[in-house]
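Chemist: To start, I am sharing the structure in question, which I have written as structure tokens.
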Amino acid sequence: MCRHIACLGRPRALGDLLVRPPHALLRQSWAPRRQRHGTVNADGFGVGWYAEGDPVPARYRRAGPVWADPSFADLARVVRSEALLAAVRDATEAGADGEAAAAPFAAGPWLFSHNGAVRGWPGSVAPLAAALPAAELLSLEARCDSALVWALVLHRLREGDEPGQAVADTVLDVARAAPGSRLNLLLTDGVTIAATAWGDTLWYLAVPGRGTVVASEPYDDDPRWCEVPDRALLTATRTDVLLTPLKEPPA
């Protein structure tokens with residue numbers, strides 16, 4: 001149960017997306033308009049962004065609520081980027097992993113977030129975890145469901161899967177192992193976005209000349225926001241958005 005957002009487009013201050021809009025991620029952390037499960041996202045937050053000429057993103061993450069961190073608003077005011085991924089967290093289960101459990105998770109050029117919860121955690125997905133190479137399992141940043149889902153996605157990326165295929169197949173695998181899970185995934189490398197709508201809300205805003213935003217919910221009332229149907233994969237660039245239905249896994 002989280003809120004997250006990714007953007008590709010012209011350079012702009014992080015705060016133009018995350019702080020200043022009337023229903024920005026900052027406000028969604030305590031007053032989301034479309035969050036179906038839980039309403040307060042106070043268990044951590046993070047933002048990752050890309051600097052010009054550097055494919056490896058920077059991250060700023062904290063264990064507490066975003067509204068309690070005055071440094072974040074100051075950072076967001078001056079840092080500019082063409083691409084970012086940010087999230088606020090409502091933990092599935094209380095834990096001691098602190099900011100290590102806060103999205104975005106990262107590896108190489110990739111940033112990742114999971115909005116939702118794995119039902120029956122951790123036993124339901126133990127077979128999926130056991131199938132990972134031991135080194136990858138031991139490298140988990142945190143002991144939470146989102147960190148394992150990220151490890152499953154990352155394994156597929158390292159095996160050569162395209163981003164959309166990696167997130168889609170991971171969702172189907174986890175949904176088969178843990179029916180009733182909510183699996184809205186968000187992945188970017190600063191050039192493309194891959195996302196799934198599976199059990200919670202997802203929207204996108206694509207404006208020529210400005211770029212593409214994918215978010216759990218709109219940050220303003222622009223009528224050009226479009227809702228992604230449930231059980232769907234979204235793949236996007238700065239100029240194009242493609243939606244593909246995801247088939248329910250067999251019982």
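Chemist: Of all residues in region 66-76, which are under 20 Å from the mean Cα position of the chain (by Cα) and either open to solvent by 70 Å² or more (accessible area, probe 1.4 Å) or β-branched (Val, Ile, Thr) (or both)?
Modeler: The answer is VAL66, TRP67.
Chemist: Could I ask something else about it? Look at VAL79 and say whether it is of a type in the set (Val, Ile, Thr), under 14 Å from the mean Cα position of the chain (by Cα) and open to solvent by less than 40 Å² (accessible area, probe 1.4 Å). Walk me through it before giving the result.
Modeler: Details: of a type in the set (Val, Ile, Thr): yes; under 14 Å from the mean Cα position of the chain (by Cα): no; open to solvent by less than 40 Å² (accessible area, probe 1.4 Å): yes.
For VAL79, the condition - of a type in the set (Val, Ile, Thr), under 14 Å from the mean Cα position of the chain (by Cα) and open to solvent by less than 40 Å² (accessible area, probe 1.4 Å) - is not met.
Chemist: Residue check: is ASP173 in a helix (DSSP H, G or I), under 19 Å from the mean Cα position of the chain (by Cα), among the charged types (D, E, K, R) and within 22 Å of ALA232 (Cα to Cα)?
Modeler: On the way: in a helix (DSSP H, G or I): yes; under 19 Å from the mean Cα position of the chain (by Cα): yes; among the charged types (D, E, K, R): yes; within 22 Å of ALA232 (Cα to Cα): yes.
Yes: the conditions hold for ASP173.
Chemist: May I pose another question? Quick check on my filter: what residues within region 213-225 are more than 15 Å from the chain's Cα centre (by Cα) and surrounded by 15 or more Cβ atoms within 10 Å (Cβ to Cβ)? Let's see the steps before the verdict.
Modeler: Just the residues of region 213-225 that are more than 15 Å from the chain's Cα centre (by Cα), to begin with: 219-225.
Those that are more than 15 Å from the chain's Cα centre (by Cα) and surrounded by 15 or more Cβ atoms within 10 Å (Cβ to Cβ): TYR219, TRP225.
Chemist: Turning to a different aspect of this structure: Among the residues of region 1-35 satisfying the criterion of being in contact with a Ser or Thr (Cβ under 9 Å, 6 or more places away or on another chain) and among the polar types (S, T, N, Q), which is farthest from HIS114 (Cα to Cα)?
Modeler: Only one residue fits best here, namely GLN28.
Chemist: Does ALA24 qualify as being within 20 Å of GLU217 (Cα to Cα), free of Cβ contacts under 8 Å to residues at least 60 places away in the same chain and open to solvent by less than 60 Å² (accessible area, probe 1.4 Å)?
Modeler: No; evaluated as a whole, the condition is false for this residue.
Chemist: Tell me yes or no: at least one residue of region 201-221 is hydroxyl-bearing (Ser, Thr, Tyr), in contact with a helix residue (DSSP H, G or I) (Cβ under 9 Å, 6 or more places away or on another chain) and without any contact (Cβ under 8 Å) to a residue 40 or more places away in the chain.
Modeler: no
Chemist: Please go through region 181-209 and pick out each residue that is open to solvent by less than 10 Å² (accessible area, probe 1.4 Å) and charged (D, E, K, R).
Modeler: Of everything in region 181-209, just one residue is open to solvent by less than 10 Å² (accessible area, probe 1.4 Å) and charged (D, E, K, R), namely ASP200.
Chemist: With modelled with pLDDT under 95 and out of contact with any Ser or Thr (no Cβ under 8 Å at 6 or more places or on another chain) as the only criterion, which of ARG224, ARG210, ARG176, ARG182 stands out?
Modeler: Just one listed residue meets the conditions, ARG210.
Chemist: Which residue is farthest from GLN28 (Cα to Cα), if the candidates are limited to region 216-238 and must be of a type outside the set (Phe, Trp, Tyr) and in contact with a His (Cβ under 9 Å, 6 or more places away or on another chain)?
Modeler: Per the stated criteria, the residue is ASP221.
Chemist: Of everything in region 137-176 that's in contact with a helix residue (DSSP H, G or I) (Cβ under 9 Å, 6 or more places away or on another chain) and of a type in the set (Lys, Arg), which residue is most open to solvent (accessible area, probe 1.4 Å)?
Modeler: Out of the qualifying residues, it is ARG143.
Chemist: Here's something else I'd like to know. What strands (runs of 3 or more DSSP E) completely inside region 22-116 contain at least 2 residues that are basic (Lys, Arg), modelled with pLDDT under 95 and more than 14 Å from GLY190 (Cβ to Cβ)?
Modeler: none
The values are calculated or read from the model by the stated rules, or taken from the named source; none is laboratory data. Note that this is a predicted model, so its numbers are computed, not measured. Quick reminder, even Gly has a Cβ in these numbers, built from the backbone with ideal geometry, and neighbours come from all protein chains shown. Surface areas here come from the heavy atoms of the whole protein model, side chains and all, with no ligands, DNA or RNA. Shrake-Rupley method; radii C 1.70, N 1.55, O 1.52, S 1.80 Å.
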